[in-house]
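The values are calculated or read from the model by the stated rules, or taken from the named source; none is laboratory data. Quick caveat: nothing in here was measured; it's all calculated off a predicted structure. Cβ placement follows ideal geometry from the backbone for every residue including glycine, while neighbour counts extend to all protein chains displayed. Areas reflect the complete protein model, heavy atoms only, side chains present, ligands, DNA and RNA absent. Shrake-Rupley method; radii C 1.70, N 1.55, O 1.52, S 1.80 Å.
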Amino acid sequence: MKRFISILVTLCVMMSTVALGAELDKKAMKRLEKEKKEKLKEYKKQGWQLLGSTRTLDGTLMRHYEKLYKLGDDGREVAGIATSVRSKNNGKQIATNNACITYGQQAGSTLRGRVLAESNANTADASTEFENFFQAYEREVEKEIKGEMEESFTIIRTNPDGTYEVQSYFIISENAAAKARMRAMENSIQESDMARSHAEKISGFVQEAFE
């Protein structure tokens, strides 16, 4: 009898856990649907259309948000933009490059703040010593991150003068991005003696996610 009760209790707990998970998924889906509708309304109002896809913007946005949700903390959205371009293809390439530049600048800015604060390098001399490293690191991140970016979708709209504006959205795995940032650090750390002397701490900062 005790064994039967124990099994019954276990089954009840399992069923409750499954029900809770389903409820969480339902809430998450409702939130994603709300986000999608708001973004879809915004895009349509501003005249944006999908570029290079036979799918609907509605379905594309939902898949985009679903993937970000499934990745959780490991997922990061990065966007790039091109304005006043005459070629759709060139616009997409420029938007992609700008997404890489944006990511590199964010990574460099975050690392700069953490390194200077941790090392108490608040003097002009120390900042100057580190600056070559930070600039080289941003450039290297731009190159390394490109291979880790998965294009989610690209939208386009026509400007009043007949040129195009293009926005490309990408999803990046933070784990993969951390490895890309580490490669960038290794490629650029030779730019500064002070950076080499703080290599261990810098390595730790580089592996951390940034906002």
When the expected Rg is taken as 2.2 N^0.38 Å, what fraction or multiple of it is the alpha-carbon Rg of the stretch 75-121? 1.60
So for the stretch 25-90, Kirkwood radius off the Cα pairs, Stokes-Einstein at 37 °C and 0.692 mPa s: how many µm² s⁻¹? 241 µm²/s
Answer rounded, prolate or oblate for the stretch 40-151, using the Cα gyration tensor with square roots of eigenvalues a ≥ b ≥ c: rounded when a/c is under 1.5, else prolate when a/b is larger than b/c, else oblate. prolate
Mean Cβ-within-10 Å packing, highest first, puts peptides 59-68, 164-173 in the order 164-173, 59-68
By per-residue mean of other Cβ atoms within 10 Å, what is the highest-first order of 46-57, 174-185, 85-96? 174-185, 85-96, 46-57
What whole number of Å gives the distance from the Cα centroid of the stretch 132-164 to the Cα centroid of the stretch 52-117? 7 Å
Mind giving me the FRET efficiency for Asn132 and Lys179? R0 is 25 Å, r the Cβ-Cβ distance, nearest 0.05 is fine. 0.60
Surface share of carbon and sulfur [accessible, 1.4 angstrom probe, percent] for the stretch 63-105: 44 percent
For the pairs Lys67/Lys88; Lys45/Lys88; Lys146/Lys179; Lys92/Lys143; Lys36/Lys67; Lys44/Lys67, note any where the Cα-Cα span goes beyond 19 Å. Lys67/Lys88; Lys45/Lys88; Lys44/Lys67
